[in-house]
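To start, the structure under review is shown below, and the notes come after it.
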Amino acid sequence: LVDPDAASRIHVNDLGRLIRALEVHAATGVTLTDWHRRNKAEAATRDVRLYGLNFADRRILYECIEVRVDQMIAAGFVDEVRSLLEFGYARDLKPMQSLGYRQIAAFLAGELDWGQAVASTKQETRHFARRQLIWFRADKRIHWLDATDKNSQELADEIQTDLESQSNGR
C-alpha cells in the first residue's frame with residue numbers, strides 16, 4: 001500500500017478519492033496523508049482572514065439564484081448538456097448528476113417538461129445554497145459581510161478597510 005492511512009479512511013468503492021490519493025503520490029512522491037498533514041501545519045502559521053457574503057433578506061439570494069439559472073440557460077446550458085450526452089457521457093456519472101445537469105438531462109430524455117426542469121434546477125440550487133450557509137456558519141473564522149445592496153467594488157472596499165484595520169491593530 002502506498003498510503004495505509006488514506007486507504008483506511010477512503011471507502012473501497014469511492015473510486016474518485018482512491019484515484020486522487022494515488023495521483024497525489026504519483027505526481028509529488030508524497031502520500032495524501034502526509035500532504036494533508038504538511039498543509040495543515042503550514043496553514044496554522046499563515047495569517048489568513050476569511051470572508052463570507054450574505055444577504056440580510058434571503059429572498060435576495062434566491063432572486064440571484066433564479067437570475068443565474070436563467071443566465072446559464074440563455075448562455076447555452078441546454079446545448080452543453082446535449083453535447084455531453086451526445087459525446088457519450090452517461091447521465092449516471094457523478095458530474096452529470098450535479099445541479100442543473102441532472103435536470104436538463106431529464107428534460108432532454110423527456111422525463112421532465114421544460115418548466116419542471118427549470119423549476120427543479122432553481123429549487124435544488126436554493127436548497128444547496130441553504131446547506132452551504134449552514135456549513136460555513138459553523139466555521140468561526142469566517143467574517144460575514146452583508147452583501148445587500150452592495151456591488152462588488154463596495155464589498156472589495158469593505159474587505160480592504162477591514163484588512164487594513166486588522167494590520168493596524170497588531
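The values are calculated or read from the model by the stated rules, or taken from the named source; none is laboratory data. Since we're looking at a predicted model, the values are computed, not measured. Cβ coordinates were reconstructed from backbone atoms using ideal geometry, including for glycine residues, and neighbour counts include every protein chain displayed. To get the accessible areas, we keep the full protein, side chains included, count just its heavy atoms, and leave off ligands, DNA and RNA. Shrake-Rupley method; radii C 1.70, N 1.55, O 1.52, S 1.80 Å.
Below are the figures for this structure:
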{"item": "For the stretch 4-155: span of alpha carbons on each principal axis (Å, largest first)", "result": "48, 44, 24"}
{"item": "Selected from Q160, Q123, Q97 as most flexible by GNM, with the chain as the system and alpha-carbon contacts under 10 Å", "result": "Q160"}
{"item": "Accessible-area ranking of T148, T45, largest first, probe 1.4 Å", "result": "T45, T148"}
{"item": "Choice from E63, E23, E86 showing the highest fluctuation, given a GNM over the chain with Cα pairs closer than 10 Å", "result": "E23"}
{"item": "F55 long-range amide H proximity, modeled H, under 5 Å", "result": "A147"}
{"item": "Cα-based shape type of the stretch 46-86, given that a ≥ b ≥ c are square roots of the gyration tensor eigenvalues and the cut on a/c is 1.5", "result": "oblate"}
{"item": "Sites V2 and H127, calculated FRET efficiency, Cβ-Cβ separation with R0 35 Å, nearest 0.05", "result": "0.40"}
{"item": "Under 16 Å from the Cα of K122 - aspartates and glutamates, other chains or at least 8 residues apart", "result": "E63, E66, D70, D113"}
{"item": "Relative contact order of the chain, pairs being alpha-carbon contacts under 8 Å that are 6 or more residues apart, as %", "result": "25 percent"}
{"item": "Square roots of 5 times each gyration tensor eigenvalue, C-alpha, the stretch 95-170, largest first, Å", "result": "39, 14, 10"}
{"item": "Dimensionless Rg/Rh of the stretch 41-113 - Kirkwood Rh, Rg from C-alpha atoms", "result": "1.19"}
{"item": "Cα-based shape type of the stretch 1-64, given that a ≥ b ≥ c are square roots of the gyration tensor eigenvalues and the cut on a/c is 1.5", "result": "oblate"}
{"item": "Per residue, in Å², the accessible surface of the chain once ligands and nucleic acids are set aside, probe 1.4 Å", "result": "71 Å²"}
{"item": "Most fluctuating residue given options A26, A74, A156, as computed from a GNM of the chain linking Cα atoms under 10 Å", "result": "A26"}
{"item": "Chain lengthening between D70 and R137 when straightened (0.36 nm per residue, less Cα-Cα)", "result": "21.3 nm"}
{"item": "Cross-link reach list, aspartates and glutamates versus K94, counting only Cα pairs under 15 Å and skipping chain neighbours closer than eight places", "result": "D14"}
